[in-house]
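Student: Below: one structure in structure tokens.
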Amino acid sequence: MTTHDLTPTPGQTIGPFFGYFNAAEQVHLPFEDGDHLVPPADDRAIQLTGTVFDGEGTPIPDAMIEIWQADEHGDIPKQDGSLIRDPFAFTGWGRGTTDNVGTYRFTTVQPGATDEGKAPFIHIVVFARGLLNKLHTRAYIPETEGLENDATLSALGDRAETLIAKRDGKRLIFDIHLQGNNETVFFSYPGMDYPKP
Amino acid sequence: MTSTNSPKLDPLATADSQETLNSEIQDISTTYEQRVKADPKQEETQPRLNYPPYRSSLLRHPTKDLHHTDPETIELHSPAFGHRDVHQLESDLTIQHNGEPLGERIVIRGRVLDGNGRPVRNQLIEVWQANASGRYIHKRDQHPAPIDPNFSGVGRAITGDDGTYEFTTIKPAPYPWKNHHNAWRPAHVHFSLFGTDFTQRMITQMYFPGDPLFALDPIYQSITDQKARDRLVATYDHSITSHEWNTGYRWDIILTGSQQTWMEEEDHDHS
């Protein structure tokens with residue numbers, strides 16, 4: 001036991017080799033239906049999609065995105081089986097990778113509010129080659145109760161816009177800019193350390 | 001095909017020499033050590049996102065401050081995984097094919113704990129790695145080292161009630177990459193971890209003790225603090241080594257502290 005040292009273990013980049021890039025043989029982190037939290041034919045299905053960009057606006061084709069969210073009623077899933085999906089069970093978690101042009105796609109449901117009056121969002125964590133540690137962000141759902149007076153969004157001023165997905169029919173579009181003028185807001189939570197030079 | 005993939009002819013390899021990289025790494029390290037000497041509270045425990053010697057980080061790090069916030073309800077929970085998701089045999093990377101993989105058979109064993117010392121129970125832990133020749137099964141890894149038809153280099157496990165995990169695998173070799181001329185990564189195994197709160201989600205790399213490439217590697221050195229870097233290095237443990245079968249390494253992983261304990265009781269009522 002090494003419990004005398006409880007300083008968190010450092011993160012490292014996911015590197016380039018986390019996915020085989022061959023749909024027939026997903027031998028590394030991506031897995032079949034990882035990006036389908038519900039089947040596309042499900043009545044409730046929406047798509048969460050977007051492109052991940054670097055500081056020059058170039059799409060990033062080697063990022064891995066995970067989402068974690070409440071179900072359509074705002075209940076927090078406690079169901080296992082994300083890796084071998086039961087199409088009738090909602091686990092709330094999905095994993096996808098960006099394609100050759102930097103786009104990710106999830107089929108999921110629109111989350112409800114976990115607490116009354118709170119703005120619902122889909123939590124997103126970003127990993128990529130060149131990104132030395134994970135980054136957390138939130139895709140808030142447009143035109144929902146609680147957005148207007150959400151304390152976190154209010155504190156962000158103009159930058160809050162980067163966190164609100166855009167609706168296009170059954171699609172929610174949420175681009176992620178790791179750097180630059182439109183840089184997405186990323187969050188740090190208690191106990192995290194993101195040292196700067 | 002193989003000739004165009006020769007490292008010498010690779011048009012993507014940058015012209016910078018290892019000596020140039022070493023001096024950049026050394027400058028950052030010296031500045032950091034002086035800063036911590038003057039003010040110990042400046043000690044860093046995680047990698048810098050902006051670490052210029054790792055060239056790919058230049059355009060892929062946020063330049064604005066991360067927004068510090070408390071977790072919301074969903075962020076105080078994590079997805080559930082169990083034996084429905086992962087078969088017990090998936091933690092043995094040496095039995096996935098018809099034959100035995102080449103290389104030094106090793107067992108990596110350890111515990112996953114949160115920042116308060118509590119075991120992270122029944123959670124998913126994933127690993128992926130190069131083979132004994134330093135080759136990944138990946139279309140972007142085309143360097144001239146052999147693929148092992150008996151080794152995919154991917155494993156999964158569910159942690160035990162005391163947070164323990166164990167993988168049986170092959171010791172990976174160092175491999176070349178294109179960060180600068182003649183760049184080589186120290187041998188490592190990638191680890192992916194979940195905690196009880198989704199904010200504890202992490203991906204990292206485990207290294208082997210005494211690797212001569214440590215000082216030359218900008219990814220390992222992006223953690224500027226030696227004590228913090230050491231936390232990524234496994235310990236050789238003869239009690240995990242077994243007679244005429246495998247050598248053994250121990251590596252414990254600490255996630256950030258869970259913020260959820262105080263609300264566990266009311267959590268049972270939430271549905």
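The values are calculated or read from the model by the stated rules, or taken from the named source; none is laboratory data. For clarity, every value in this text was computed on a predicted model and none was experimentally measured. Reconstructed Cβ throughout: ideal geometry from the backbone, glycine too, with neighbour counts over all protein chains shown.
Student: Please go through the stretch B:60-106 and give me each residue that is at pLDDT 95 or above and among the basic types (Lys, Arg), ordered by number.
Tutor: Within the stretch B:60-106, B:Arg60, B:Lys64, B:Arg105 qualify.
Student: Name, by its number, the condition in (1) modelled with pLDDT of 95 or more; (2) not in a strand (DSSP E or B) that does not hold for B:Asp141.
Tutor: Answer for B:Asp141: the failing condition is (1).
Student: Right, another one. Only one of (1) at the interface with chain A (Cβ under 7 Å from one of its Cβ atoms); (2) part of a loop (DSSP other than H, G, I, E, B) is not met by B:Leu102, so which one is it?
Tutor: B:Leu102 satisfies every listed condition except (1).
Student: Looking at B:Gly134, B:Gly82, B:Gly110, B:Gly117 in this structure, which one is within 22 Å of the chain's Cα centre (by Cα), within 12 Å of chain A (Cβ to nearest Cβ), closer than 14 Å to B:Gly163 by Cα and not in a strand (DSSP E or B)?
Tutor: Within the list B:Gly134, B:Gly82, B:Gly110, B:Gly117, the selection yields B:Gly117.
Student: In the stretch B:22-69, which residues are without any contact (Cβ under 8 Å) to a residue 12 or more places away in the chain, part of a helix (DSSP H, G or I) and either among the polar types (S, T, N, Q) or in contact with a helix residue (DSSP H, G or I) (Cβ under 7 Å, 6 or more places away or on another chain) (or both)?
Tutor: B:Ser23, B:Gln26, B:Thr30, B:Thr31, B:Gln34, B:Arg35, B:Gln42, listed by residue number.
Student: Only one of (1) assigned to a loop (DSSP other than H, G, I, E, B); (2) closer than 26 Å to B:Leu255 by Cα fails for A:Ile65. Which number is that?
Tutor: (1)
Student: Okay, next question. Counting only residues that are more than 14 Å from chain A (Cβ to nearest Cβ) and among the β-branched types (Val, Ile, Thr), which one in the stretch B:85-99 is farthest from B:Thr241 (Cα to Cα)?
Tutor: Residue satisfying both the conditions and the ranking: B:Ile95.
Student: Which one of B:Gly117, B:Gly103 is surrounded by fewer than 21 Cβ atoms within 10 Å (Cβ to Cβ), touching a residue at least 60 places away in the same chain (Cβ under 8 Å) and of a type in the set (Gly, Ala, Ser)?
Tutor: B:Gly103
Student: Being outside any strand (DSSP E or B), aromatic (Phe, Trp, Tyr) and surrounded by fewer than 21 Cβ atoms within 10 Å (Cβ to Cβ), is that true of even one residue in the stretch A:69-89?
Tutor: yes
Student: From the list A:Gly102, A:Gly117, A:Gly96, A:Gly112, which one is more than 7 Å from chain B (Cβ to nearest Cβ), closer than 22 Å to B:Thr73 by Cβ and either surrounded by 21 or more Cβ atoms within 10 Å (Cβ to Cβ) or at pLDDT 95 or above (or both)?
Tutor: Among A:Gly102, A:Gly117, A:Gly96, A:Gly112, only A:Gly112 is more than 7 Å from chain B (Cβ to nearest Cβ), closer than 22 Å to B:Thr73 by Cβ and either surrounded by 21 or more Cβ atoms within 10 Å (Cβ to Cβ) or at pLDDT 95 or above (or both).
Student: Additional query: Of the residues that make up the stretch B:79-93, is at least one touching a residue at least 12 places away in the same chain (Cβ under 8 Å), crowded, with 17+ Cβ neighbours inside 10 Å and within 22 Å of A:Pro190 (Cβ to Cβ)?
Tutor: yes
Student: Taking only the stretch B:252-263 into account, find how many residues are under 23 Å from B:Glu126 (Cα atoms) and assigned to a loop (DSSP other than H, G, I, E, B).
Tutor: Counting residues in the stretch B:252-263 that are under 23 Å from B:Glu126 (Cα atoms) and assigned to a loop (DSSP other than H, G, I, E, B) gives 5.
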